[in-house]
1. Here is a check on your reading of the model: is B:Ala22 under 21 Å from B:Val183 (Cβ atoms) and either among the hydrophobic types (A, V, I, L, M, F, W, C) or open to solvent by 20 Å² or more (accessible area, probe 1.4 Å) (or both)?
2. Here's a check for you: in region A:43-54, which residue that is surrounded by 12 or more Cβ atoms within 10 Å (Cβ to Cβ) and outside any loop (DSSP other than H, G, I, E, B) is farthest from the other protein chains (Cβ to nearest Cβ)?
3. Within region B:227-245, does at least one residue satisfy the condition of being open to solvent by less than 30 Å² (accessible area, probe 1.4 Å), within 14 Å of chain A (Cβ to nearest Cβ) and of a type in the set (A, V, I, L, M, F, W, C)?
4. Take region B:29-58 and flag every residue that is of a type outside the set (Val, Ile, Thr), over 17 Å from the mean Cα position of the chain (by Cα), crowded, with 21+ Cβ neighbours inside 10 Å and not in a strand (DSSP E or B).
5. Mind listing just one residue for me: the one in region A:14-40 that is of a type in the set (S, T, N, Q) and either assigned to a helix (DSSP H, G or I) or within 14 Å of another protein chain (Cβ to nearest Cβ) (or both) and, of those, farthest from A:Ile63 (Cα to Cα)?
6. Can you tell me which residue within region B:180-196, out of those that are open to solvent by 40 Å² or more (accessible area, probe 1.4 Å) and in a helix (DSSP H, G or I), is nearest to the other protein chains (Cβ to nearest Cβ)?
7. Consider A:Ile63 carefully, then state whether it is in contact with a helix residue (DSSP H, G or I) (Cβ under 8 Å, 6 or more places away or on another chain), more than 20 Å from B:Leu173 (Cβ to Cβ) and either within 14 Å of chain B (Cβ to nearest Cβ) or among the aromatic types (Phe, Trp, Tyr) (or both).
8. Does A:Val40 qualify as being open to solvent by less than 30 Å² (accessible area, probe 1.4 Å) and closer than 17 Å to B:Lys131 by Cα?
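The values are calculated or read from the model by the stated rules, or taken from the named source; none is laboratory data. Being a predicted model, the structure only gives us computed values, none of them experimental. Here Cβ is always computed from backbone atoms with ideal geometry, including for glycine, and neighbour counts include all displayed protein chains. Calculation scope for accessible area: heavy atoms of the full protein, side chains included, ligands and nucleic acids excluded. Shrake-Rupley method; radii C 1.70, N 1.55, O 1.52, S 1.80 Å.
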Amino acid sequence: MADVLERVTKIIVDRLGVEESQITLEASFKEDLGADSLDVVELVMELEDEFGMEISDDDAEKISTVGDAVNYIKSNA
Amino acid sequence: MKLQGKNALVTGASRGIGREIAIELARQGANVAVNFSGSEQSANEVVEEIRSIGCKAFAIQANVADSDSVTEMVKKTIEQFGTIDILVNNAGITRDNLLMRMKEDEWDAVIDTNLKGVFLCTKAVTRQMMKQRSGRIINISSIVGVSGNPGQANYVAAKAGVIGLTKTTAKELATRGITVNAVAPGFITTDMTDKLSEDLKAEMLKQIPLGSLGEPKDIANAVVFLASDDSRYMTGQTLHIDGGMVM
């Protein structure tokens, strides 16, 4: 599942207009990558589409870093 | 035609103001999902009328106060049309009573349909509209939501709530190309107002500077404006279509 990070990275780069080098597992969407709340909602929507899964509102609220997203996808996809 | 090829969902579209809105959107070129709660036959008549204009339409039963029902309605609309460009939150009911006599279930029923229903339908279309990077949400409030009205504590609270919800939704979604505005009708001739007593109607007429009741068409015209590019630079506003009752 190494490519989960690659796919997540591509979505984040496209959506937030950040450099690939800024994306680490520890990077927070809001604090490090300049996302606002609505950006995070949209990111989650795109991850759902990309990985063909549904992420509940409760789970989505817990996703705040790149690592959170990758881990969630790996354990639920 | 101002809405050629656009796809709309109108709640409570089988009768009254909602019916007129659905038909007027179609006259402007929009395809319309005609939501109804109980009046299937009336909804089918609206669908037939829209098809005779040359636009696509289908009737869809849903209780706007029920989350699952709303999700299913929005899903079906997207399946049928591919996009949702326009949502008109029009479904509404009344359970009038003086505050001291108002039963809790009368309060709950009106808040559920008239306020929670707007929240649920808006939430359900937002995902699609955010992806599209465009959308028009038009909430039908009421002038009594601005002015208050004895005997309608539940209805007034819900309609005032809709105005606040309109402003917040407008602020949240503005950056995604989605505008959210409300229309506050005054005294419009519909089944809902036909139920009012003659005395009350005469009393209300005195408060209308333009001197007559409004027609559902007056509201539909305002909705077309808010649904079209003509209103592109406004969001979070409430248009009073009330013959000048409240200024």
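1. Values: under 21 Å from B:Val183 (Cβ atoms): yes; either among the hydrophobic types (A, V, I, L, M, F, W, C) or open to solvent by 20 Å² or more (accessible area, probe 1.4 Å) (or both): yes.
Answer is yes for this residue.
2. Of all residues in region A:43-54, those surrounded by 12 or more Cβ atoms within 10 Å (Cβ to Cβ) come to A:43-48, A:50-51, A:53.
With the extra rule that they be outside any loop (DSSP other than H, G, I, E, B), the set shrinks to A:43-48, A:50-51.
On the way: A:Leu43: 11, A:Val44: 10, A:Met45: 6, A:Glu46: 9, A:Leu47: 13, A:Glu48: 9, A:Glu50: 13, A:Phe51: 16 Å.
Only one residue fits best here, namely A:Phe51.
3. no
4. Within region B:29-58, B:Cys55 is the sole residue that qualifies.
5. So, considering only residues that are of a type in the set (S, T, N, Q) and either assigned to a helix (DSSP H, G or I) or within 14 Å of another protein chain (Cβ to nearest Cβ) (or both), the one farthest from A:Ile63 (Cα to Cα) is A:Ser21.
6. Ranking the candidates gives B:Met192 first.
7. Criteria not met by A:Ile63.
8. Details: open to solvent by less than 30 Å² (accessible area, probe 1.4 Å): yes; closer than 17 Å to B:Lys131 by Cα: yes.
The answer is yes for A:Val40.
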